[in-house]
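Take a look at the structure set out below.
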Amino acid sequence: GEVISADSVQVYEHLNVGSAKLSREEMQSIRHHMLDLKSPITDDFDVAEFYQLANQCMDDIHERGKVPIVCGGTGMYLKWLTDGKPDVPKSTKESSLRAEKVVKEIRDRYNKNA
């Protein structure tokens with residue numbers, strides 16, 4: 001088999017210590033995917049991109065007659081991978097502003113009662 005990391009931090013290069021990322025030596029005997037793909041300084045990465053790339057990795061691994069082994073840690077990434085991408089509408093500027101307003105109202109109400 002081959003390992004697909006489902007960790008939201010290990011996807012970033014140079015973030016080795018805080019993410020418990022294996023060393024190159026530790027990964028020599030088995031191929032690993034979804035590691036060191038992005039720069040933590042210039043690149044964003046989200047669950048939608050993980051879903052797309054992880055599925056491409058799984059297809060590629062299957063085509064070579066191997067078994068994908070998904071490991072690691074971000075629950076939402078694993079949920080999308082096992083249950084599929086949710087069928088929800090895309091966010092719009094207006095929906096984001098409405099959500100921010102609701103959060104602010106709740107925060108303001110909570111702070112008044114504290």
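The values are calculated or read from the model by the stated rules, or taken from the named source; none is laboratory data. The structure presented is a predicted model; accordingly, all values stated were derived computationally and were not measured. Cβ coordinates were reconstructed from backbone atoms using ideal geometry, including for glycine residues, and neighbour counts include every protein chain displayed. For the accessible areas, the whole protein counts, side chains as well, though only heavy atoms, and no ligand, DNA or RNA atoms are used. Shrake-Rupley method; radii C 1.70, N 1.55, O 1.52, S 1.80 Å.
Okay, here's what the table says:
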| quantity | calculated |
| --- | --- |
| Mean Cβ neighbour count within 10 Å, used as a protection proxy, ranking 87-94, 33-40, 60-67 highest first | 33-40, 60-67, 87-94 |
| Stretchable slack from Arg107 to His62, in nm (0.36 nm times residue separation minus alpha-carbon distance) | 11.4 nm |
| Accessible area per residue, Å², the chain with all protein chains present, probe 1.4 Å | 73 |
| Globularity index of the chain, i.e. its alpha-carbon radius of gyration over 2.2 N^0.38 Å | 1.38 |
| Separation in nanometres of the label points that stand 7 Å from Cα toward Cβ, at Lys85 and Met27 | 2.5 |
| Rounded to whole Å, sorted largest first: equivalent-ellipsoid semi-axes of segment 53-114, Cα gyration tensor | 40, 16, 7 |
| Within the accessible area of the chain (1.4 Å probe), percent carbon and sulfur | 53 |
| Lys pairs, the chain - Cα-Cα below 20 angstrom, 8 or more residues apart or on other chains | 7 |
| Global geometry of segment 1-67, whether rounded, prolate or oblate, following the gyration tensor of its Cα atoms and the 1.5 cut on a/c | oblate |
